[in-house]
1. Hey, which of these cross-link pairs are over 26 Å Cα-Cα: Lys142/Lys259; Lys37/Lys210; Lys73/Lys190; Lys214/Lys245?
2. Over the chain, one equal point on each Cα, no solvent: what is log10 I(q)/I(0) by the Debye formula at q = 0.11, 0.12 Å⁻¹?
3. Dipole size in debye (nearest 20) for region 3-278 around its Cα centre, Lys and Arg Cβ +1, Asp and Glu Cβ -1?
4. For a quick check: sort Arg208, Arg41, Arg80 by the number of other beta carbons within 10 angstrom, fewest at the front.
5. Could you give the Stokes-Einstein D for region 94-139 in µm² per second, using the C-alpha Kirkwood radius, 25 °C, 0.890 mPa s?
6. Which of the aspartates and glutamates could a cross-linker bridge to Lys191, judged by Cα under 17 Å and excluding same-chain residues fewer than eight apart?
7. Could you compute the net charge surrounding Phe253? Neighbours are other residues with a C-beta less than 12 Å from the C-beta of Phe253; K and R count +1, D and E count -1.
8. Would you please put 99-106, 33-40 in order of how densely packed they are, using the mean number of other Cβ atoms within 10 angstrom per residue and starting with the highest?
Amino acid sequence: MTTFYLLKKLIRGSFLTYNKQKGIRMKIIIFVMNPDKYFERREALTKLLEKTPFQFQFISINDDLELTPEAIKKNHDSKRTIDSYGRDFSRGELASTLNHLLSYKKFLDSENDLAIVMEDDADFIVDDFIFVIEHLIIIIDKNKPQVYLLTPVISYLNSNSKKFSADYKAVEVIQSWDSSGYVINREAAKKMINTNSKSWFIADDWVRYKRHAKVDIFSVVPTIIKQNLNVFESNLMGARNKVIKNRSLKYVFIRLGYKIIADVKKYCWLMPFKGYVRNKDV
């Protein structure tokens with residue numbers, strides 16, 4: 001983020017979001033993961049973010065340092081990943097995961113109460129984005145590890161949803177594979193770093209963050225952030241499809257065990273009693 005933009009945000013008081021009605025004060029920052037080579041993405045997203053009252057910062061790992069064989073061996077648990085996914089990360093998946101972890105570290109090094117983490121292909125309507133964020137600070141509990149996804153999710157629960165306006169509600173997420181934009185508090189960032197510090201699962205694998213980091217994952221319905229795939233191609237999808245599978249016997253048994261448990265829970269508890277919703281558009 002240039003000095004000009006930072007000073008501009010400081011003058012506008014973007015470090016502090018204040019809800020007068022509830023008396024809630026929250027310091028918020030937006031971290032956008034954007035390598036220098038994707039300048040067009042940075043330019044497009046800057047035009048949107050400048051219209052918001054929030055401070056924002058573009059960040060990225062240094063691929064030349066963080067993706068060397070020595071650095072990968074130090075910062076990535078390849079064996080555990082293969083046992084969990086039946087394959088290792090692609091280079092793009094590893095870079096993305098390390099960028100998300102970097103944003104959590106920068107967030108915890110700051111004085112902010114909340115961070116909004118975005119990928120550089122995120123797209124949104126500015127007024128809707130501001131409206132939702134200003135209302136989310138009312139329901140986010142700083143003392144519990146919570147993440148609020150702003151993107152489409154695969155499945156969620158309607159039961160116990162929190163309606164925070166006539167148009168929007170927050171729901172508990174069951175499954176999602178999207179990390180284009182989400183709100184995270186400090187307790188969640190700590191747990192997510194501790195669980196995935198030597199990365200072994202992908203940044204957008206919210207099921208594993210729920211399971212292993214014990215983080216509560218919610219989503220805003222309807223969604224307010226989508227990938228700008230009409231203009232920019234996904235950095236990860238092509239690479240994911242080309243990765244060589246390495247499905248060990250351990251992987252097969254682990255996956256089968258989790259699937260059986262998940263199916264029993266879904267059909268015997270979530271669907272009849274918790275208002276399970278499968279998002280057909282995802």
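Where a number appears in this text, it was derived from the coordinates with a stated rule and is not lab data. Predicted, not measured: the structure shown is a model, and the values here were computed from it. Quick reminder, even Gly has a Cβ in these numbers, built from the backbone with ideal geometry, and neighbours come from all protein chains shown.
1. Details: Lys142/Lys259 32 Å; Lys37/Lys210 33 Å; Lys73/Lys190 23 Å; Lys214/Lys245 28 Å.
Over 26 Å Cα-Cα: Lys142/Lys259; Lys37/Lys210; Lys214/Lys245.
2. Here log10 of I(q) over I(0) equals -0.65, -0.78.
3. Numbers: 45 positive and 32 negative charges, 220 e Å.
Its charge dipole is roughly 1060 debye.
4. Working: Arg208 18, Arg41 21, Arg80 14.
Ranked by crowding around the Cβ, least crowded first: Arg80, Arg208, Arg41.
5. Details: Rh = 12.4 Å.
The Stokes-Einstein estimate is 198 µm²/s.
6. Cα-Cα hits under 17 Å: Asp109, Asp113, Asp141, Asp204, Asp205, Asp216.
7. On the way: positive: Arg247, Lys250, Arg255, Lys259; negative: Asp83.
Value of the local net charge: +3.
8. Details: 99-106: 19.8, 33-40: 15.4.
Going from most to least packed, we get 99-106, 33-40.
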